[in-house]
1. What does the charge count around Pro236 come to, taking other residues whose C-beta lies under 15 Å from its C-beta (Lys +1, Arg +1, Asp -1, Glu -1)?
2. Before rounding to the nearest 500, sum -39500 (n - 2.57) across all DSSP H runs of length at least 4 in the chain and divide by the residue total; then give [θ] at 222 nm in deg cm²/dmol.
3. If one computes the Cα centroid of region 38-113 and of region 385-419, what distance in Å separates the two points?
4. Along the charge dipole of the chain, pointing to its positive end and built from +1/-1 on Cβ of Lys, Arg, Asp and Glu, which listed residue (Ser396, Tyr419, Ala546) has its Cα farthest out?
5. What list of ³J(HN,Hα) couplings, whole Hz, do you get for region 218-232 from phi and the Karplus terms 6.51, -1.76, 1.60, once you set θ to phi - 60° and write x for glycine and proline?
6. Using the Karplus equation 6.51 cos²θ - 1.76 cosθ + 1.60 (θ = phi - 60°), what ³J(HN,Hα) coupling, rounded to whole Hz, does each residue of region 471-483 give in order, writing x for Gly and Pro?
7. Can you give me the C-alpha center-to-center distance between region 139-218 and region 421-456, rounded to a whole angstrom?
8. Suppose we keep just the DSSP beta bridges with both residues in the chain; what percent of those would be antiparallel, to 5?
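What follows is calculated from the coordinates using simple rules that are stated; it is not laboratory data. Bear in mind that the values here come from a model prediction, so they are computed numbers and not experimental data. Ideal geometry is used to build each Cβ from the backbone, glycine not excepted, and the neighbour counts take in all protein chains shown.
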Amino acid sequence: MLDSKAILLLVVLVALTNVTASAHAQSRQPSEIEPNAIEAAVEAAKLEQLLEDYFEEGLQRGPILATSIGDPRYNDQLPNFLSEERQVENLQLEERWLAQIQKIDRELLSGQDRLSYDIFVYEREMAIEGSRFPFHLLPINQMFSIPSFFAQLGSGGSIQPFRNEEDYRDFLGRIDKLGALIDQAIENMRAGVAAGVVQPKPLMEKVLPQLEAHFVDDVTESVFYRPLQSFPDEVPEAARAELTAAYEKAILEQIIPAYKKLHTFMVEEYIPGCRETTAIADLPDGKAWYAYQVRTMTTTDMAPDEIHQFGVEEVARIHGEMRDVMEEVGFEGELQGFFEHLEAEERFYYTDEEELLQGYRDLQGKVNEALPKLFDIFPKADYEVKAVPEFMAQSSAGAFYQPGTPDGSRPGAFFVNTYNLKAQAKFGMTTLSIHEASPGHHFQISIAQEIEDLPRFRRFGGQTAFFEGWALYAESLGKEMGLLDDPYDYYGRLSDELLRAMRLVVDTGLHYKGWSRERAIEYMLENSSMAESDVIAEVERYIVFAGQALAYKVGQRVIAGLRAEAEAELGDGFDIKVFHRAVLEDGALPMKVLQTKIREWIDERKGAVEVESGAALKG
C-alpha cells in the first residue's frame with residue numbers, strides 16, 4: 001500500500017504528464033508549459049489527497065458509516081462517540097481539516113475540484129459553528145435511540161452483514177462495546193438534567209416501551225437472535241453451535257442488562273427531570289440553536305418568519321388544488337368534509353399488512369417503466385420493500401429509506417410502517433414510493449454513490465435540503481410520468497405536499513413562535529386528512545429534530561425554481577433529461593452551491609444553443 005506522500009507524488013506526476021501530452025498536441029515543448037498549469041495540477045493533487053485522507057479518517061472514527069457503505073474493516077467497532085473527550089476531539093479535527101484545506105490555493109482549482117473545495121469548507125465551518133451546542137447531552141429520543149438503532153443492526157435486517165462466520169463474530173465485538181456506550185448515554189443525560197438540556201417529558205415516555213420490547217425471558221424471542229435462525233451456507237456447521245451459545249450469552253448477560261439499566265435510569269431519574277416545554281428555543285442558548293438548525297437544514301439564509309409565511313401560503317395554494325380534485329370526483333361539501341370522507345372510505349385502505357407491502361412492490365415495477373420519460377441517468381442498484389421493525393413502528397415515521405452499498409452487495413431498503421394501516425392510504429402510495437424510492441431517495445442517493453470520480457465525502461455525504469428537496473421535487477414528476485392520472489392518486493400527491501407545507505408552519509410555530517404540542521397537532525388535523533396517530537408522530541418528530549422538517553419544501557422550491565429558470569432561459573433548447581442529469585450528477589449539494597452550478601450550466605447550454613443556431617443559419 002502506498003503512503004499518502006507517495007500517492008500525492010504519483011497524482012502530481014500523472015497530472016503533469018497529461019499537461020505535457022496536451023502541450024505536445026499543440027506543438028509546444030514541455031519547457032513552454034504555463035507555470036500556472038503546473039501549479040494548478042499540484043494544488044488539485046493536494047486537494048484530492050486531502051479529501052481522501054479526511055474520508056479515511058472519518059471511516060476509522062465512524063465505523064458505522066464504513067459498515068453502511070459496505071466497507072467491512074471496522075464492522076466490530078462501536079466507539080464511545082458520546083464522550084466529552086470525543087466532542088473536544090471532533091472540534092479539533094474540524095479546525096485542523098479546515099486549516100489544511102485553506103492552505104490550498106482555491107484560485108488554481110477549477111471544475112469539480114473547486115466545487116469539492118467549496119463544499120468541504122462549508123461543511124467544516126458549519127460543523128465548527130455547531131460545536132457550541134450540546135447535541136451529545138440529548139442522545140436519545142422516541143424517533144432515534146442507540147438501543148433501537150443497535151437492535152436494527154443486530155436483527156440482520158439492516159446494514160450489519162451476517163453473511164459468514166467473520167460477520168457473526170464482528171457483531172459480537174460490537175455487543176462487547178454496547179455497555180460502555182449506554183453508560184455514556186446515561187452520564188450525558190444526567191449532565192443534561194443538571195444543565196437544563198433535556199427532552200420533553202411526553203416524548204421520552206414513549207422510549208420506555210421501545211426498551212421494554214427487548215426484555216425477553218426466552219432468548220429466542222429477542223431480535224438479536226434472528227440471525228441465528230437463518231445461518232447462511234457460508235457459516236460452517238462446526239461454528240454454528242459455538243456462535244449460538246456466544247450470542248445467547250451476550251443477549252442475556254450484556255444486551256438485556258444494558259437495556260434494563262437504561263430503562264431504570266429513564267424511569268427513576270431522567271423522565272422526572274425532563275421538561276414540560278417543547279421548543280428547542282426553551283433550552284439554554286436555544287434561540288441561537290434553532291437559528292443554527294434552520295441554516296444547517298435548509299442551507300439557505302431564509303429566516304424563520306419567512307419560512308413560516310411561505311408555509312402558510314403553500315397550505316392555502318394546495319388546499320385550492322384539493323378543491324379542484326373534489327369538484328372533479330363530484331364531492332359536494334367543504335374540504336374538511338372531504339378529508340373525513342377519505343378517512344372513512346374503506347376502499348382506500350388495506351386491511352392486511354402483506355397486501356400493503358405487495359402493493360408497493362407492484363408500484364416498483366410500474367415506476368421503473370416510467371422513469372425513461374424524464375431521465376437518461378439511472379442507478380445500477382436496486383431496492384427492496386420492507387416493513388418497519390415492529391419494536392420501533394409505533395413511534396416511527398410512515399416510511400423511510402436506507403441506502404444500499406455501492407457494490408450492490410446490499411440493496412437499498414424502502415421501509416413502510418404497517419403499524420396503522422389507516423395511515424397508509426392507497427391514494428398516497430404512488431407518491432410515497434416516488435419519494436422514498438425512485439426517482440426520489442433511492443434513485444438520487446444510489447446515483448451519487450455510484451459516481452466513482454466524485455470524492456468519497458461527496459458520494460456518501462450531502463445536505464438534508466438536497467436529499468429531501470429532491471425527493472419532494474420528484475413527487476411533482478409523478479403526473480409527467482403518467483403515474484397520477486387517477487384524481488384520487490393526484491390528491492395523494494397533493495396530500496403529501498400539504499404535509500411538507502404544514503411542516504414549515506408547525507416547525508417554526510413550535511420552535512420560533514411559541515406553539516404548544518397540542519396547538520401543532522390541532523393545526524395539522526384541521527388542515528389535512530391525516531390519521532391522528534400519524535399527526536402525533538409527525539409533530540413529536542419536529543419537536544426532537546428541530547429544523548429538519550424545513551428542508552423538504554425549501555429544497556424543493558430551489559430545485560423547482562432552477563428548472564423554471566432553465567426553461568425560461570433555454571426555451572426550445574431545454575431538455576428535461578439533461579436538466580435532471582445536471583442536478584443529480586454531483587451529489588447532494590448545499591442549495592447555494594446548487595444554484596451557482598445550475599445557473600452556470602444554463603449559461604453554458606444557452607451559449608451552445610446559440611452556436612448551434614448560428615451554424616444552422618449559415619448552413
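1. Summing Lys/Arg as +1 and Asp/Glu as -1 gives -4.
2. -20000 deg cm²/dmol, from helical runs alone.
3. Taking the Cα centre of each part, region 38-113 and region 385-419 sit 29 Å apart.
4. Going by the Cα projections, it comes out as Ala546.
5. With coefficients 6.51, -1.76 and 1.60, one gets 9, 4, 5, 8, 6, 4, 6, 8, 4, x, 7, 8, 8, 4, x Hz.
6. Rounded to whole hertz, the list is 4, 6, 4, 4, 4, 5, 8, x, 5, 4, 7, x, 9.
7. Taking the Cα centre of region 421-456 as reference, the centre of region 139-218 is 27 Å away.
8. In the chain, approximately 40 percent of DSSP beta bridges are antiparallel ones.
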